[in-house]
1. Using alpha-carbon pairs under 8 Å, 6+ residues apart, how would you state the relative contact order of the chain in percent?
2. Compute the projected area of the convex hull of the Cα atoms of region 511-577, averaged over all viewing directions, and report it in nm² to one decimal place.
3. Classify region 100-248 from the C-alpha gyration tensor, please: rounded if a/c falls under 1.5, else prolate or oblate depending on whether a/b exceeds b/c.
4. Output the peptides 55-66, 422-433 sorted from most to least packed, where packing is the average of other Cβ atoms within 10 Å over each peptide's residues.
5. Would you mind listing how long region 262-307 runs along its three principal axes, going by Cα atoms, in whole Å with the largest first?
6. Sequence-distant or interchain residues sharing an amide H contact under 5 Å with ILE451, placed H: which?
7. For region 280-345, what class follows from the C-alpha gyration tensor (a ≥ b ≥ c being the square roots of its eigenvalues): rounded when a/c is under 1.5, otherwise prolate if a/b is larger than b/c, else oblate?
8. With helices defined as uninterrupted DSSP H runs, which ones in the chain have an alpha carbon span along their own long axis of at least 30 Å and mean Kyte-Doolittle hydropathy of at least -0.5?
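The values are calculated or read from the model by the stated rules, or taken from the named source; none is laboratory data. The structure displayed is predicted, hence computed values, not measured ones. FYI the Cβ positions are ideal-geometry reconstructions off the backbone, even for glycines, and counts take in every protein chain you see. The protein model used for the area step is the full one, side chains on, heavy atoms only, and it has no ligands, DNA or RNA in it. Shrake-Rupley method; radii C 1.70, N 1.55, O 1.52, S 1.80 Å.
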Amino acid sequence: MSTDRRGTDASPTGTRESAQRSALLQGVGVSPGLAAGGVAQVSPPAGEPPADPPPPGTAEADADRIPTAAQAVAAALEAAAATVDGERKELLETTAQMATDPTLVGAAVKQVREGGTSAPRAVWEAAAGVAEQLRALGGYMAERARDVADVRDRIIAELTGAAVPGVPHRTEPFVLVATDLAPADTALLDPAQVRAIVTAEGGPTSHTAILARGLGIPAVVGLPDALAALPEGTVVLVDGGAGTVEIDPDAERVRQAEERSAVVRTFDGQGRTADGHRVSLVANVGDPAQARAAAEAGAEGVGLFRTEFCFLDRDAEPSLEEQVRAYRSVLTEFPGRKVVVRTLDAGADKPLPFVTDVDEANPALGVRGLRTARRAPDVLENQLAAIAAAAAAEEADVWVMAPMVATVAEAEDFVEACARHGLDTAGVMVEVPSAALLAGPILARAAFASIGTNDLTQYAMAADRLLGSLAELSDPWQPAVLRLIEATCTGGAQQSRPVGVCGEAAADPALAVVLTGLGVSSLSMTPRALADVAAVLAATDLATCRRLARAAVDAESALEARTRVRDGLPVLAELGL
């Protein structure tokens with residue numbers, strides 16, 4: 001529900017008048033920063049084609065147009081992918097592959113030839129079938145249903161000559177408003193053109209949120225009826241930290257927002273509070289390009305090295321030699337600095353045929369992360385051997401952690417496995433509530449813990465983190481999640497073990513203050529967030545961090561927790577965060 005900060009009902013009703021009555025709309029802030037500009041809405045797709053049959057005798061020719069159109073869409077996406085790198089490139093390449101997926105194209109061609117429907121209608125119906133199959137699988141595969149809808153609309157536009165749906169082109173910078181953004185659209189966003197993003201759907205861990213943070217674009221998601229509430233051309237002020245959208249702000253507020261957003265901050269390579277309490281600020285990386293970007297941004301090391309990049313899109317595990325080369329390409333960027341390597345996090349949103357079961361009824365609660373070692377123990381052993389070999393060949397301080405640890409026994413087994421390979425600093429990820437509640441005994445075995453707030457929030461709140469309609473629940477500011485983080489830090493303190501955070505929550509400067517106050521000793525984030533987090537911590541002493549952490553934990557809702565903390569941090573307004 002959208003309410004202004006005074007508590008009055010501000011729920012959009014789809015009319016311009018209702019939007020004017022409520023000057024401040026509340027969504028979920030997912031990428032901090034202030035930005036103002038005129039609204040530009042995402043170009044809508046042409047919509048559902050009519051069910052008219054093709055003219056007599058044209059079915060074969062009409063069917064042949066489908067693979068040609070699909071290839072054209074894929075070629076355009078691949079050309080776009082060549083202009084970007086990292087996760088953005090990967091997203092575009094994945095969408096390009098989906099455009100020519102044999103299941104989708106083959107079903108559409110068959111529908112024209114045998115079902116007597118037009119090519120555009122056949123693509124629409126075939127896409128509906130593929131999307132339904134993916135949604136039934138849940139997790140990452142359910143998320144791919146959004147990609148199917150995207151390529152469906154692009155292929156239909158190619159077939160009909162309609163405008164390609166997506167981000168509009170404007171001569172002036174704008175605030176982009178949409179129901180949701182397709183991954184392919186998000187991957188092509190230009191921060192110089194798109195001042196801020198507002199969507200009706202999506203959550204804190206959606207593609208839109210993650211890429212907005214990576215690009216430094218303020219973003220608010222989960223704003224009901226965003227398209228109706230924010231018509232084309234409306235001037236708005238977006239606060240991506242507070243999660244608010246102010247309609248028709250006065251000129252002075254716009255000037256202040258532009259002045260603050262123009263400030264370029266840098267990180268000096270040492271995170272600390274105002275009174276000198278050290279907080280290690282490190283980066284999340286998933287490939288060599290991201291590792292270089294993190295090193296250039298001054299990251300103190302790597303708090304989460306995702307090793308999946310050398311496993312994905314393969315039918316068999318990579319060889320020991322391949323893995324060693326891949327790991328060294330990241331470790332070499334951080335001589336003398338800590339790099340926390342996460343072992344293979346397959347399953348759920350990252351199914352791999354050689355370690356996971358594609359027929360699981362509920363993959364998010366199935367065999368994923370460390371649990372895959374039960375089915376394929378050699379894959380874990382080979383990976384640990386490769387990590388050890390890469391560590392021996394480079395100068396980085398290599399730590400290793402396992403994902404999806406839920407019991408003391410699992411932690412103990414993993415630590416023993418690492419020891420067999422000479423990896424002495426072995427830890428666990430806390431993503432399951434049971435691990436948070438058992439942090440004391442788990443950390444009596446493991447050398448450290450790293451909290452994955454994305455999954456911890458999902459499991460604590462029983463809310464699919466990819467489901468936009470549950471964005472309010474999929475929020476790391478939820479007091480229940482903060483209490484689990486507090487429990488983990490208490491367990492770490494009992495055993496004198498460090499506890500870090502490597503989920504998306506670490507990139508929120510206000511939430512970083514809370515995490516520090518709860519006892520977190522390292523924060524791992526997208527490299528672009530390092531300077532903002534460092535600036536807020538440097539302006540806040542440890543006593544204030546602890547006081548605000550207590551206020552957040554004792555709140556009764558995510559909005560109350562966020563509001564209490566932001567109201568207690570005037571530095572956020574000073575920095576435009």
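1. Numbers: 1318 pairs, mean separation 87.9, N = 577.
With pairs under 8 Å counted, the relative contact order is 15 percent.
2. On the way: hull surface 17.5 nm².
Reported value for the Cα convex hull: 4.4 nm².
3. Working: a/c = 2.56, a/b = 1.88, b/c = 1.37.
It is prolate, given that a/c is not under 1.5 and a/b is the larger ratio.
4. Numbers: 55-66: 14.7, 422-433: 22.4.
Highest to lowest by the protection proxy: 422-433, 55-66.
5. The principal-axis extents, from largest down, are 36, 27, 13 Å.
6. VAL430, GLY500, VAL501, CYS502
7. On the way: a/c = 2.27, a/b = 2.00, b/c = 1.14.
Prolate.
8. On the way: long enough: 59-81 (34 Å, 0.43); 139-160 (33 Å, -0.35).
Once both thresholds are applied, what remains is 59-81, 139-160.
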